[in-house]
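Inspection log for the structure reproduced underneath, given as structure tokens.
The values are calculated or read from the model by the stated rules, or taken from the named source; none is laboratory data. Predicted model only: the values in this text are computed from it and were never measured. Cβ placement follows ideal geometry from the backbone for every residue including glycine, while neighbour counts extend to all protein chains displayed. Side chains are part of the model used for accessible areas, which takes the heavy atoms of the whole protein and leaves out ligands, DNA and RNA. Shrake-Rupley method; radii C 1.70, N 1.55, O 1.52, S 1.80 Å.
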Amino acid sequence: MDICRCVSINETRVDKAKQTLEDLSSLDQTAKFFKILGDGTRFKIITILLEGEMCVCDIATTLNMTHSSISHQLKVLRENRVLKNRKDGKIVYYSLNDNHVKNIILQGLEHHNH
């Protein structure tokens, strides 16, 4: 088994990497964002919303899940600014919060398909 026993080979690179970590004050929030995307149900919800907004009923029907289960996941996604919602009478429609989320999902799907 190969084990690296050195302390540091390239101190300049190590210092730059440490500085990068210090400069990214939002590192934990970004990690949390990817953790949220890591849930299969939430990822499916986000993926079907790539095509446009949908109400809870349509999302639940598409994923063959209960309204309650979908509502819980939508709350998590909304609280973490992945989704936004709008009301039209008694119906609440959900959509991706911005194109950043859409681009991340599309790039992930493209990466997997190549």
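Does residue 81 satisfy the criteria of being free of Cβ contacts under 8 Å to residues at least 60 places away in the same chain, in a loop (DSSP other than H, G, I, E, B) and not hydrophobic (A, V, I, L, M, F, W, C)? Let's see the steps before the verdict.
Details: free of Cβ contacts under 8 Å to residues at least 60 places away in the same chain: yes; in a loop (DSSP other than H, G, I, E, B): yes; not hydrophobic (A, V, I, L, M, F, W, C): yes.
Yes: the conditions hold for residue 81.
Suppose we keep only residues that are free of Cβ contacts under 8 Å to residues at least 12 places away in the same chain and open to solvent by 80 Å² or more (accessible area, probe 1.4 Å) within the range 84-102. Which one would you say is farthest from the chain's Cα centre (by Cα)?
For the range 84-102, the residue satisfying everything is 90.
Here's a check for you: in the range 38-64, which residue that is outside any helix (DSSP H, G or I) and touching a strand residue (DSSP E or B) at 6+ places or on another chain (Cβ under 8 Å) is nearest to residue 99 (Cα to Cα)? Steps first, please.
Residues of the range 38-64 outside any helix (DSSP H, G or I): 38-39, 52-55, 64.
Next cut, touching a strand residue (DSSP E or B) at 6+ places or on another chain (Cβ under 8 Å) only: 52-55.
Working: 52: 12, 53: 13, 54: 17, 55: 19 Å.
The qualifying residue nearest to residue 99 (Cα to Cα) is 52.
Looking at (1) of a type in the set (Gly, Ala, Ser); (2) exposed (fewer than 10 other Cβ atoms within 10 Å of the Cβ); (3) touching a His at 6+ places or on another chain (Cβ under 7 Å), can you tell me which one residue 60 breaks?
Unmet for residue 60, out of (1) of a type in the set (Gly, Ala, Ser); (2) exposed (fewer than 10 other Cβ atoms within 10 Å of the Cβ); (3) touching a His at 6+ places or on another chain (Cβ under 7 Å): (2).
Which residues, taken from the range 12-33, are surrounded by 11 or more Cβ atoms within 10 Å (Cβ to Cβ) and either within 14 Å of residue 105 (Cα to Cα) or among the acidic types (Asp, Glu) (or both)?
15, 33
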